[in-house]
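Peer 1: Structure provided below as structure tokens; questions to follow.
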Amino acid sequence: METEVKKVILPIAGLGTRFLPLSKIIPKEIWPLVDKPIIQMLIEEARDSGIKQIIFVTSPKKSAILNYFKTDSSLKKILQQRKKQDILKELDVLESFDKKISFSSVIQSKQLGDGHAILQAASKIKKEPVGIMFGDDIVDSETPCLQQLINIYKTCQKPVIALCRLPKEKLPSYGVMAVEKIANRVYKVKKIIEKPAPGEEPSDLAIVGKYNRSSYSKYSNTIIKV
């Protein structure tokens with residue numbers, strides 16, 4: 001039974017309804033956040049956490065995301081002729097992902113929620129732990145957020161969820177945890193309330209879109225606040 005986390009599931013099949021009409025033609029995952037697309041930030045986080053395989057859960061309309069990481073030889077030739085060395089270096093960075101991480105994809109034909117999206121990748125996950133990352137949250141930290149989850153997983157061999165403390169007025173937009181503290185920044189899950197009504201928040205700890213779980217065990221027990 002594999003215990004090292006080497007694979008990540010990255011669901012990207014969502015409709016991006018909050019960003020319509022622009023998300024009809026440009027997937028939100030390749031919109032830039034300052035100077036690079038969100039999807040690139042996630043792949044860099046996975047790479048820096050020792051991940052070797054990314055499994056995209058995607059839709060037929062989002063081929064642009066996969067194409068973003070593919071080599072375009074004709075484009076590189078034009079840039080070389082025009083001596084655009086800075087741009088060529090940026091393309092080299094994208095191509096370097098392919099040398100360190102393998103990419104595969106599965107199709108989610110209907111958008112039926114996060115759980116359904118993750119299950120579409122079940123055929124590519126055997127009896128091994130797996131990371132899960134969503135494109136809704138970017139965590140800026142010296143130690144990658146995913147690596148932090150992997151480190152906690154090694155100590156407990158239980159599913160781990162990233163959390164963040166939020167102001168009370170923002171909690172109704174998130175899944176919020178009722179917890180029991182068991183160590184510094186580590187808590188045991190008692191209950192999850194999805195989008196609690198004002199005044200019904202069990203804590204100020206909201207779920208961030210990064211998980212690490214055993215593919216062979218039920219969700220339970222352990223979380224980390226980052």
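Peer 1: State, as an integer percentage, the relative contact order of the stretch 35-189 based on alpha-carbon contacts under 8 Å between residues 6 or more apart.
Peer 2: About 28 percent, as a whole number.
Peer 1: Check PHE56: other-chain or 5+ apart residues with amide H under 5 Å from its amide H, H built from backbone geometry?
Peer 2: Answer set, sorted by chain and number: LEU10, SER104, SER105, VAL106.
Peer 1: Okay, next question. Can you spot the aspartates and glutamates whose alpha carbon is less than 19 Å from LYS170's alpha carbon? Ignore those fewer than 8 places along the same chain.
Peer 2: ASP136, ASP137, GLU194, GLU200, GLU201, ASP204
Peer 1: Hey, in the GNM for the chain with a 10 angstrom Cα cutoff, which one of GLU200, GLU45, GLU180 fluctuates hardest?
Peer 2: GLU200
Peer 1: In addition: Before I look further, what does the chain give for accessible area per residue, probe 1.4 Å, in whole square angstrom?
Peer 2: With the other protein chains kept in place, the chain gives 57 Å² per residue.
Peer 1: Out of LYS28, LYS83, LYS188, any idea which swings most in a Gaussian network model of the chain, alpha carbons joined below 10 Å?
Peer 2: Ranking LYS28, LYS83, LYS188 by mean-square fluctuation puts LYS83 first.
Peer 1: If you bin every alpha carbon distance in the chain into 5 Å steps from zero, what whole percent lands in each bin?
Peer 2: 1, 6, 13, 16, 19, 17, 13, 7, 4, 2, 1, 0, 0
Peer 1: For the stretch 1-109, count the residues as N, evaluate 2.2 N^0.38 Å, and divide the Cα radius of gyration by that value, please.
Peer 2: 1.17
Peer 1: Right, something else. Could you give the length gained by full extension between THR143 and VAL93, i.e. 0.36 nm per residue of separation minus their alpha carbon distance, to one decimal place?
Peer 2: Here the answer is 15.9 nm.
Peer 1: Over the chain, what percent of the accessible surface lies on carbon and sulfur atoms, probe 1.4 Å?
Peer 2: Looking at the chain in its full context, I get 52 percent from C and S.
Peer 1: If you don't mind, another one. Give the percent of DSSP beta bridges with both residues in the chain that are antiparallel, rounded to the nearest 5.
Peer 2: 60
Peer 1: Sticking with this structure for a sec: What FRET efficiency do you get for ASN151 and ILE25 if R0 is 30 Å and r is their Cβ-Cβ distance, rounded to the nearest 0.05?
Peer 2: After rounding to 0.05, the efficiency reads 0.15.
Peer 1: Follow-up question, since we're still on this one. What ranking, highest mean first, results for peptides 152-161, 17-26, 139-148 when packing means the other Cβ atoms within 10 Å averaged over each residue?
Peer 2: 152-161, 139-148, 17-26
Peer 1: Mind checking the dipole of the chain: about its Cα centre, +1 per Lys or Arg Cβ, -1 per Asp or Glu Cβ, Debye to the nearest 20?
Peer 2: Using Cβ point charges on Lys, Arg, Asp and Glu, the chain gives about 500 debye.
Peer 1: Right, something else. Arrange the residues PHE56, PHE103 by how much accessible surface each exposes, largest first, with a 1.4 angstrom probe.
Peer 2: Ranking PHE56, PHE103 by accessible area, largest first, yields PHE103, PHE56.
Peer 1: Rounded to the nearest Å, what's the spacing between the alpha carbon centres of the stretch 75-122 and the stretch 7-49? Just the number, please.
Peer 2: Measuring centre to centre over Cα atoms gives 11 Å.
Peer 1: Which semi-axes, in whole Å and largest first, does the equivalent ellipsoid of the stretch 128-193 have when worked out from the alpha carbon gyration tensor as the square roots of 5 times its eigenvalues?
Peer 2: Computed over the stretch 128-193, the values are 20, 16, 12 Å.
The values are calculated or read from the model by the stated rules, or taken from the named source; none is laboratory data. Values in this document were obtained by computation on a predicted structure and should not be read as measured data. With ideal geometry, Cβ positions are generated from the backbone for all residues, glycine too; neighbour counts draw on all protein chains shown. SASA here: full protein model, heavy atoms, side chains in, ligands and nucleic acids out. Shrake-Rupley method; radii C 1.70, N 1.55, O 1.52, S 1.80 Å.
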